[in-house]
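Visitor: A single structure is presented below for examination.
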Amino acid sequence: MIADTNPPFLRAYKAIIHEHTSPLPPPPPPPPANEASVDLPLIDLGRLIFDPVVCKAEIRTAAAEWGFFQVVNHGVPLELLECLRRVQANLFRLPFAEKEKGRLLDFAVGCYKWGTPTATSLAQLSWSEAYHIPLVSPQVPTKLKARRVIDEYAMRVAQLAYQLVGILAEGFEGGNFDNNNYIEENCRPSSCYLRLNRYPPCPIRGVHGLVPHTDSDFLTLLHQDQVGGLQLMKGGRWITVNPNYNALIVNIGDLFQAWSNNAYKSVEHRVMANPHTERFSTAFQLCPSYGTIIQSPESPSLYRSFTFMEYKLQIQEDVKTFGRKIGLQRFISSTSANDTTQP
């Protein structure tokens, strides 16, 4: 008997699945004729050498208007991306029981997660599994080639993230980086992590691979395969992002929105599960230490000062109470809140 590699979604979430679906779901309807799909703004980072002023302006404009953009000539070799994808596929194709035990490739116990333990409805369920991998390597150098591939990729995207944050921070008032050390001092490798994602085929129509959310970090760098499924909210509707295997997607997180005083926006996004094909993606998340104070250098600030730990705890409390993240709305300054009530 061949061990199953997929998490037991149907068994674990039987109650909410049966509550919201018929025993034999109808086949998915064809996509609406007016369904929007887009190519994200594409930035060639090679132009930072030959035309830096214009290139940096394009990065800031995309971050301000979209909250998402994609970059090429990003410094991550295609060979490394392909090697990482093979490593990732092999990790997820291990038996589920082995994945759940942990300690794979020097990963800590608890780094493997799947589904949504707090889900009380189908709308709250993420049909996906993931490895959350701290960037800090083990004290003893690993002999495992797969782990070395993961660490090399993490190192390269971390360097790119610091570069992009510096460019973006120069673009809002007060963020001209005499404060430049703020990110590097507070977002050290020990607080950042890599998330390897797999979205198994889902037999139930309309289920999320990843529920709608915003990222609770400064910046996320994402590489995805060609399957597609990423959608973001723009202009009051969901639009599908066309995949580009050669590009890295960059998106603004909640902390950057607060720090930039809304110069850049953390945009809601989601992943739709595919009924037939598995999907892989890899996300690097630039996070600060839990004690880091988030406060815009601009005055007046739209958000009150808070620590990253305070933010994370509030999210956990809201998810437990309401089944969803509320996010930055919880941290609007009293002055800004009063201003919004005035005619």
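The values are calculated or read from the model by the stated rules, or taken from the named source; none is laboratory data. The model shown is predicted, which means the values in this text are computed figures rather than measured ones. Note that each Cβ is placed from the backbone with ideal geometry, even for glycine, and that neighbours are counted across all protein chains shown.
Visitor: Do we have any residue at all in segment 107-123 that's aromatic (Phe, Trp, Tyr), part of a loop (DSSP other than H, G, I, E, B), farther than 17 Å from Val149 by Cα and in contact with a helix residue (DSSP H, G or I) (Cβ under 7 Å, 6 or more places away or on another chain)?
Guide: For segment 107-123, residues aromatic (Phe, Trp, Tyr), part of a loop (DSSP other than H, G, I, E, B), farther than 17 Å from Val149 by Cα and in contact with a helix residue (DSSP H, G or I) (Cβ under 7 Å, 6 or more places away or on another chain): absent.
Visitor: Here is a further query. Mind checking whether some residue in segment 17-29 is among the aliphatic types (A, V, I, L, M), part of a loop (DSSP other than H, G, I, E, B) and either touching a Lys or Arg at 6+ places or on another chain (Cβ under 9 Å) or modelled with pLDDT of 95 or more (or both)?
Guide: Step one: of segment 17-29, the residues among the aliphatic types (A, V, I, L, M) are 17, 24.
Imposing the further condition that a residue be part of a loop (DSSP other than H, G, I, E, B) reduces the set to 24.
Next, only the ones that are either touching a Lys or Arg at 6+ places or on another chain (Cβ under 9 Å) or modelled with pLDDT of 95 or more (or both) stay: none.
Checked segment 17-29: no residue is among the aliphatic types (A, V, I, L, M), part of a loop (DSSP other than H, G, I, E, B) and either touching a Lys or Arg at 6+ places or on another chain (Cβ under 9 Å) or modelled with pLDDT of 95 or more (or both).
Visitor: Return only the number of the condition from (1) within 14 Å of Arg147 (Cα to Cα); (2) modelled with pLDDT under 90 that Lys101 does not satisfy.
Guide: Against the list (1) within 14 Å of Arg147 (Cα to Cα); (2) modelled with pLDDT under 90, Lys101 comes up short only on (1).
Visitor: Can you tell me which of (1) over 30 Å from Gly206 (Cβ atoms); (2) at pLDDT below 95; (3) surrounded by 13 or more Cβ atoms within 10 Å (Cβ to Cβ); (4) of a type outside the set (Val, Ile, Thr) is the one Phe50 doesn't meet?
Guide: (3)
Visitor: Would segment 216-235 turn up any residue that is more than 30 Å from Val149 (Cα to Cα), at pLDDT below 95, surrounded by fewer than 20 Cβ atoms within 10 Å (Cβ to Cβ) and out of contact with any Ser or Thr (no Cβ under 6 Å at 6 or more places or on another chain)?
Guide: yes
Visitor: Now for a separate question. When only residues in segment 183-199 that are surrounded by 20 or more Cβ atoms within 10 Å (Cβ to Cβ) and out of contact with any helix residue (DSSP H, G or I) (no Cβ under 6 Å at 6 or more places or on another chain) count, which is farthest from Ala273 (Cα to Cα)?
Guide: Out of the qualifying residues, it is Cys187.
Visitor: What residue, among those in segment 132-143 that are surrounded by 15 or more Cβ atoms within 10 Å (Cβ to Cβ) and of a type outside the set (Val, Ile, Thr), is modelled with the lowest pLDDT?
Guide: The initial filter retains those residues of segment 132-143 that are surrounded by 15 or more Cβ atoms within 10 Å (Cβ to Cβ), namely 132-135, 137.
Keeping just the survivors that are of a type outside the set (Val, Ile, Thr) gives 132, 134-135, 137.
Values: His132: 92, Pro134: 85, Leu135: 82, Ser137: 55.
Top of the filtered list is Ser137.
Visitor: Still on this structure: Checking the condition surrounded by fewer than 16 Cβ atoms within 10 Å (Cβ to Cβ) and aromatic (Phe, Trp, Tyr), which residue from Tyr311, Tyr290, Tyr264 passes?
Guide: On inspection, the qualifying residue turns out to be Tyr290.
Visitor: While we're looking at this one, here's another question. If you take the residues in segment 57-92 that are of a type in the set (Phe, Trp, Tyr) and touching a helix residue (DSSP H, G or I) at 6+ places or on another chain (Cβ under 9 Å), which one is nearest to Leu104 (Cα to Cα)?
Guide: Phe92
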